[in-house]
Amino acid sequence: MSSISSITKAVSGLAAAQKGLQVTGHNLSNVNTEGYTRQQLLQSESDYLVIGNRGSRYLQVGLGVTQDEIRQIRNELADKRLRTENSVLTYYQTQNSTIAEIEAILDEPYGEGVTKLLNNFWSQTQKLNTTPNGVEERQSFISAANVLIKKINDISDSLDKFQANTNKEVISSVNRINQIIEGIKEYNDIISRAEVNGDNANDYRDQRNNLLDELSEYGKVTYHEEVGSKVVVKFENHLVVDGPFTATMKLEEADTKSVFVKPVWSDTNSDVYRFDETVTSVKGNDTGKLKALLISRGNNYVTEDTKWEDIAFNDNFSVDEPGNSFIIPKIQKMLSDFTGVLVETVNSCFDGTGIGSHEGKAGVPVFVPIISTQEYEAAKKNLETVLNDPTSTEDQKEAAQQAYEKAANKAMTTGNIQVNPELLANGGYNKLGTVSTEGASNNVGDSSKVTEFLSEWGKTREWYSDRSEKGAPNYKKVSIISFYSEFVTDIGTDGSNYSAVAKSRQTSILNIQNERQAMGGVSQDEEFANMLKYQYAYNASARMITMLDGMLDTIINKM
């Protein structure tokens, strides 16, 4: 009987060593598998068999080795810390990426950006001021204006395309989030079934943890594991996985008649995000790639009807308040305001008469809309009639001019402005209105209109002085060129701030990952040492069985 018992003990040792080798081999085969957590076989002495007693002492016989469980060596606290940091990191990485793309579109400060073209336009205007009736000077001025406005139009068009591409990213992100939510629910079911008999479904747990890691990239994730091995998950404080229940997102119009979409919870029809307060680290709501994409994109393209309160989250504060505005719409709106002032200033200053074949006749506007409107065409025709009618009074001319400017400003939005085709045609330079005295045939060299523009260009003017407009940028008092310079600088500053926060969070995540890897990562040296240990144990148990086999053979067959 004791011999059979000894064989049983040896067999248990053999099985334990074999299982240890399997676990070690599994670890080594997954050394480069992303998200894999090191597994460990826990062993203990089997319960002892009491065969008698000697006084107060029991006489016991060991029954071998028990394989308790195969567990993961995982730092759950590090997991939660990493997922919290990860959601913040992806928010600032996305914002930094947005600013980097905008800087590439603006092509500042060393490329062929608006700043360089503004300086060239200024230079050509100074030359025109010196020789206002020179053909080369007039053509160069018109050409510089044409290059400048085309660049501004290109920037506006690129920003619109960037918004559209960001909208596609929003759709892609929402679809992926829904897949992750369904994936976590599926792994919950698989793990629950696999562990019903007390085993650990470690590889499935790795897959579920990988999904939780990925979900944290898109937003704030909180979770806990319940009895039955299922995790309950919340995304941005909304319950998304709980047993058989899942809540996914659907897409709806971001705003009335908007071509963009916003995520909405399918179970409550409520918005995933409500942009009614500033987004800052102090409030702790600066989380996730999805929110960052929505903030970058905005709810609509910027049009002539867009107000600052449409761009601000909390319109009681300025869009210049950190975290209080959609990024691309704010830049589009400021670019539009700058362009409007530039165009209006040029057109209002160069409103004299022409030279050469157009001498004594009212000059044509430098800038006109690409796609016209009925209101603009009517105002334009009326202005031409009034200016070329010698019987028109000054009051009539002023009224016609104001009506034209109003219609032109409404029609000429960023992206819909061009240099007047009449100026670009052969001999069109004659129609540039540089002469201030109508019909004065001996005054074609008059430069007062050009001088007036140079004065307006360098003049300090008020920007956003109407504080009744909700959400408007902070008041500025700068020249046209200084406004654009500050505009570019502010964008660069925002990008620098986003980059600094992202780098800081990246460092924190690397430290947490190293901490997690130190505990849960697979070390080849350690696993090879374990392999030798289990191999020796396996050989020892095998020799024990061989010895007992020989002993029993001798006793049974040879005695």
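No lab work stands behind these numbers, since they all come straight from the coordinates. Small disclaimer: the values here were computed from a predicted structure and weren't measured. Positions of Cβ are backbone-derived with ideal geometry, glycine not excepted, and every protein chain shown enters the neighbour counts.
Overview of results
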| read-out | value |
| --- | --- |
| In order through segment 275-280: 3J(HN,Hα) via Karplus (6.51 cos²θ - 1.76 cosθ + 1.60), integer Hz, x for Gly, Pro | 8, 10, 8, 5, 10, 9 |
| Computed lengthening from ASN316 to GLN126, 0.36 nm per intervening residue step minus Cα-Cα distance | 64.1 nm |
| Extension gain (nm, one decimal) between GLU462 and SER482, 0.36 nm per residue minus Cα-Cα | 6.0 nm |
| Whole-angstrom gap from segment 438-507 to segment 122-187, using each part's C-alpha centre | 18 |
| Inter-label distance, nm, simple model (7 Å from Cα along the C-beta direction), GLU422/SER29 | 8.2 |
| Residue exposure sequence - HIS238, HIS224 - by fewest surrounding Cβ within 10 Å | HIS224, HIS238 |
| Percent of beta bridges antiparallel (DSSP, segment 313-471, rounded to nearest 5) | 60 |
| In degrees, nearest ten, helix 327-349 long axis to first principal axis of the chain (Cα) | 10 |
| Sites LYS503 and VAL227, calculated FRET efficiency, Cβ-Cβ separation with R0 56 Å, nearest 0.05 | 0.85 |
| Segment 307-433: relative contact order as a whole-number percent, Cα under 8 Å and 6+ apart | 30 |
| Unit charges at the beta carbon, dipole of segment 318-359: most positive-side option, MET334, SER357, GLY323 | GLY323 |
| Where labels lie 7 Å past Cα in the beta-carbon direction, separation of ASN511 and GLN40 in nm | 2.5 |
| Helix 76-106 vs. the chain, principal-axis angle (Cα, 0 to 90°, nearest 10) | 20 |
| Per-residue ³J(HN,Hα) for segment 299-309, Karplus 6.51 cos²θ - 1.76 cosθ + 1.60, θ = phi - 60°, Hz, x for Gly and Pro | 9, 7, 5, 7, 10, 5, 8, 5, 10, 5, 5 |
| Considering only the chain, percent of DSSP beta bridges that pair antiparallel, nearest 5 | 90 |
| GLU398-THR493 FRET efficiency (beta carbon distance; Förster radius 45 Å; 0.05 resolution) | 0.60 |
| Label-to-label distance, nm, for residues given as ARG274 and ALA194 (7 Å Cα→Cβ offset) | 4.1 |
| Relative contact order computed over segment 252-377 (Cα-Cα under 8 Å; 6+ residues apart), in percent | 17 |
| Extension gain (nm, one decimal) between GLU526 and SER455, 0.36 nm per residue minus Cα-Cα | 17.8 nm |
| Amide H contacts of ASN200 (H built 1.01 Å from N, under 5 Å, at least 5 apart or other chain) | ILE70 |
| Cβ-based exposure ranking for THR166, THR493, THR94, in which fewest neighbours within 10 Å come first | THR493, THR166, THR94 |
| Helix axis angle, 448-458 relative to the chain longest principal axis, alpha carbon, degrees | 30 |
| Residues with amide H under 5 Å from that of LEU63, placed H, sequence gap 5 or more | SER46, LEU49 |
| Straight-distance crosslink candidates among lysines, where the alpha carbon sits under 23 Å from LYS168 and sequence neighbours closer than 8 are dropped | LYS220, LYS250, LYS257, LYS262, LYS289, LYS291, LYS330, LYS333 |
| Table column - 3J(HN,Hα) (Hz), segment 227-233, Karplus curve with 6.51, -1.76, 1.60, x for Gly and Pro | 4, x, 6, 9, 9, 9, 10 |
| Average Cα contact separation per residue, segment 137-253, under 8 Å, 6 or more apart, as relative contact order % | 23 |
